[in-house]
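Asker: Pasting in a structure now, in C-alpha cells, and then I'll have a few things to ask.
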Amino acid sequence: LNRYTKTIFGMCSSMCGGSPVLAALVGGLFVGIGVGLVVRAGGATGGDDVLALVLNKLAGVKIEKCYFFTDFVVLVLSLSYIPALKIACSLLTVTISSYIIGKMYQGEENADLKEETNLKQTGRKELV
C-alpha cells in the first residue's frame, strides 16, 4: 500500500507542476470523492464533517451547502494568518469537494428512495 500511495502522490505532484490552482482542483476532486464515499456509507471523517451532517439532518439543508458553509467559516477565520492567495485556492478546493460530496450523497438518497418505492410497490416489508 505504501508503494502505491507514493506513486499516486508522485504522479499528482508532477502533474500539478507547482501550480497552486491545479493542486486545488486535484485536491478538491480527491477530497470530494473520499469524503463522499464516507458520507454515502453513513459515516463522517470527523471535524467539521460531523457539524455539516448534523446541520443537514436537523435543518434539512443540502449536504453540499452544509459542507461549504462550515469550511467557508474556517477559511474566513484563517484570513488573519494565511495569505489570501492560499485562502482563494482553498476556497476552490472546498467548492469542488462540496459539490462532489453533494452529488455522491444525493445519489445515495436517490438509491434509498428507489428501494423504498420498490418495497412499497411489491408490498414487502424491509428486513432489519
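Asker: Around residue 43, which amide H atoms from residues at least 5 apart in sequence, or from another chain, sit under 5 Å from its own amide H, with H modelled in the peptide plane?
Answerer: none
Asker: Please quote Rg/Rh for region 14-71 to two decimal places, taking the Kirkwood radius as Rh and restricting both calculations to Cα atoms.
Answerer: Answer for region 14-71: 1.08.
Asker: To continue, here is another question. Taking the mean number of other Cβ atoms within 10 Å as a proxy for protection, how do you rank 79-90, 55-66 from highest to lowest?
Answerer: 55-66, 79-90
Here, each number is a calculation from the coordinates, and none is a lab measurement. Just so we're clear, the structure is a prediction, and the values are computed from it rather than from any experiment. Virtual Cβ from ideal backbone geometry, glycine too; neighbours counted across all protein chains shown.
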